[in-house]
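The structure appears below as C-alpha cells.
The values are calculated or read from the model by the stated rules, or taken from the named source; none is laboratory data. Fair warning: this is a prediction, and the values are worked out from it, not measured in the lab. With ideal geometry, Cβ positions are generated from the backbone for all residues, glycine too; neighbour counts draw on all protein chains shown. Keep in mind that these areas ignore ligands, DNA and RNA; they rest on the heavy atoms of the full protein, side chains included. Shrake-Rupley method; radii C 1.70, N 1.55, O 1.52, S 1.80 Å.
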Amino acid sequence: QERLVESGGGSVQPGGSLRLSCTPSGFSLDYYAIGWFRQAPGKEREGVSCITGTDGSTTYTDSVKGRFTISRDDDEETVYLQMDNLQPEDTGVYYCATDRFGPLSCDYVLKMTPGIGSWGQGTQVTVSS
C-alpha cells in the first residue's frame, strides 16, 4: 500500500522529550512535503509542522515553535519530529501525511483533510504527571 507509518510515540512527564518518525510504505519520499498533525481527544485534527522536499523549508504552528524540530533524512527516507519540553496540551494522536499528487508546498499539505493524500495510522503521545 502507498501510505505512511508513524512511530516513536509514548508517555512522558511534562518537560520530557519524544522523537517521532515517519516513513513511507510503498513509495519514495522524492520531493514530497511531509506534514505532522495531531488530534487531541474531543478536538479537531490540527497541523503541527511540515518540511518540504524541494528545499527543506520548515513550518511550525505557533504553539510548538521553539520546542519541536522537524527534520528530513532522504537517505533513510524518514522524516522526524523531535519534541522537547512536552506539555500536557501536546497530548494526542500524531499523524504524518503527504499528497503524492498535490502541490509540493507545506502551505498546501498543512491544510489537508483526512480524505486527501496519504496518511499514517497515528502514534499516541501522552504527556502527564
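Considering region 16-55, and only residues there that are in contact with a Leu (Cβ under 7 Å, 6 or more places away or on another chain) and within 14 Å of Pro88 (Cα to Cα), the residue that is surrounded by the fewest Cβ atoms within 10 Å (Cβ to Cβ) turns out to be Ser17.
Determine, yes or no, whether Thr54 is over 19 Å from Val5 (Cα atoms), touching a residue at least 24 places away in the same chain (Cβ under 8 Å) and not in a loop (DSSP other than H, G, I, E, B). When the stated conditions are applied, Thr54 does not pass them.
Val93 passes every criterion in (1) surrounded by 13 or more Cβ atoms within 10 Å (Cβ to Cβ); (2) assigned to a loop (DSSP other than H, G, I, E, B) apart from (2). The set of residues from region 1-44 being assigned to a loop (DSSP other than H, G, I, E, B) and within 16 Å of Gln82 (Cβ to Cβ) comprises Gly8, Gly9, Gly15, Gly16, Ser17.
Exactly one residue among Val12, Val64, Val5 is under 14 Å from the mean Cα position of the chain (by Cα), among the β-branched types (Val, Ile, Thr) and open to solvent by 20 Å² or more (accessible area, probe 1.4 Å), and that residue is Val5. Scanning region 76-90 for residues that are touching a residue at least 60 places away in the same chain (Cβ under 8 Å), of a type in the set (A, V, I, L, M) and either part of a strand (DSSP E or B) or in contact with a Cys (Cβ under 8 Å, 6 or more places away or on another chain) (or both) yields a count of 2. Of all positions in region 100-122, at least one carries a residue that is open to solvent by 40 Å² or more (accessible area, probe 1.4 Å), out of contact with any Ser or Thr (no Cβ under 8 Å at 6 or more places or on another chain), touching a residue at least 40 places away in the same chain (Cβ under 8 Å) and closer than 20 Å to Ser7 by Cβ. Among the residues of region 57-75, the ones that are in a loop (DSSP other than H, G, I, E, B) and at pLDDT 95 or above come to 5 in all.
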